[in-house]
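Bear in mind these aren't lab numbers, they're just calculated from the coordinates by the rules spelled out. Every value quoted in this text rests on a predicted model; they were computed, and no experiment measured them. Counting neighbours? That spans all protein chains shown, and the Cβs are built from the backbone with ideal geometry, glycine included.
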Amino acid sequence: MILETIEVGGCRSYLLGCSDTHLATVIDPEISAVERYRGLASRHGLSIRFAIDTHTHADHFSAAREIARALDAQVVMSHLSVAPYVDLRLDDGDMLLVGNLRLRAMATPGHTADSTTYIVGDHAFTGDTLLIGGTGRTDLPTGDPDKLYDSLFGRLLMLDPATQIHPAHEYKGRAGSTIGEEIASNPRLQKTGRAEFVAMMRALDIKAPTHLTEALRVNMSGKKSVAQLLAEAGAGTPFMAMSELSARLAARQNDLVVLDVREKDAYDAGHLPGARHLPRGQLELRVNETFPDPTVRIVAICEFGKISTLAAATLRSLGFMHAVALDGGMKAWREAGLAVET
């Protein structure tokens, strides 16, 4: 068995491969690490066939769909997952074959309703159900401390004490743990009575994940995050350097239009010399009257360079093929001491 652990902040994901057949799966893949999975798979000569999410994540963006699309793999989750893009939905006790490896799905709800642990040999990929020195929280959507108690004390902790656990999070850099070690030292598992365990979980005051709403929206629907929209827009949009634009404005070249897509109060407070104003929210509705010539060269600008990237991508999708975005934004322009007018 080939096993690689990938760290992204406090998130952990795994590449699990069969050394005999060179088939593999990724478990709890994170969107920013897609190229790392592909690189590791290539290093080991593995072909990724499955992308498994142990549950619906609320704290990071799953890369399962992107991996499946790019590598012709299948997305695997619990049958209780609401995500419409899941290819294989597993019930408790179902087995997934990855070459000669056999991954058994064990339903372990509590952190979320669809939480599932995947067991292969003496390894358990526990998602957010059982962490090193902790457990998953139960105060997020579909969380239930009673069910988490049953999943832990009635299922996971009944495994062989030598079973190695591989959670979806580890914030202290600890290499690993076993079921036996967690039974002995995990503070939350010392509350062995149902009532005291449930009371402890309900009394926890844990800060909500930074991207809670967006992560749930994206992971449950399969739609795009803001970061994905910006990345896609940036990948298909040319940019102009501030030094280039400054030189062109100083030379009074009349071969381009600077388009400020910020709101009116920001534009009035200071904009590039001669810049025209069209807020991003009105772009599609007013672009034809503002730019009757579709061959005009447009340089879109905003405060930080993100909204202008989306604006330039929109303009190009509408047929303004010479639209570009300024590399940076008004903040960087001002900090560089370049010309501004009000």
- request: Return, ordered by residue number, the residues of segment 36-58 whose backbone nitrogen is under 20 Å from a label point located 7 Å along Cα→Cβ of Glu7.
  value: 36-41
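For segment 227-335, give the magnitude of the charge dipole about the Cα centre (Cβ charges: +1 Lys/Arg, -1 Asp/Glu; no others), in debye to the nearest 20.
Numbers: 12 positive and 13 negative charges, 18 e Å.
Dipole size: approximately 80 debye.
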Cα centroid separation - segment 260-317 against segment 98-157, whole Å: 49
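For segment 117-191, what is the Kirkwood hydrodynamic radius in Å, using each pair of distinct C-alpha atoms? Write down the numbers at each step before the final one.
Numbers: mean 1/r = 0.0807 Å⁻¹.
After inverting the mean inverse Cα-Cα distance, the result is 12.4 Å.
When the expected Rg is taken as 2.2 N^0.38 Å, what fraction or multiple of it is the alpha-carbon Rg of the chain? Please list the in-between numbers first.
Numbers: Rg = 25.4 Å, N = 342, 2.2 N^0.38 = 20.2 Å.
This ratio for the chain stands at 1.26.
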field: Sorted by Cβ density within 10 Å, fewest first, the residues Thr135, Thr56
entry: Thr56, Thr135
query: Over the chain, what is the relative contact order in whole percent, taking alpha-carbon pairs under 8 Å and six or more residues apart?
result: 12
Ranked Tyr171, Tyr14, criterion: other C-beta atoms within 10 Å, fewest first: Tyr171, Tyr14
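Antiparallel versus total DSSP beta bridges in the chain: what percent is that, nearest 5?
Working: 29 of 55 bridges.
In the chain, approximately 55 percent of DSSP beta bridges are antiparallel ones.
What does the helix-only formula give at 222 nm for the chain: each DSSP H stretch with n ≥ 4 adding -39500 (n - 2.57), the total divided by the residues, and the result rounded to the nearest 500 deg cm²/dmol?
Details: 12 runs with 105 residues, N = 342.
Computed mean residue ellipticity for the chain: -8500 deg cm²/dmol.
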query: Order of Ile132, Ile206 from fewest to most other C-beta atoms within 10 Å?
result: Ile206, Ile132
message: Just to verify a number: FRET efficiency for Ile206 and Asp122, C-beta to C-beta distance, R0 = 35 Å, to 0.05?
response: 0.70
- prompt: Between rounded, prolate and oblate, where does segment 227-335 land on the alpha carbon gyration tensor, with a ≥ b ≥ c its root eigenvalues, rounded for a/c under 1.5, else prolate if a/b exceeds b/c?
  reply: rounded
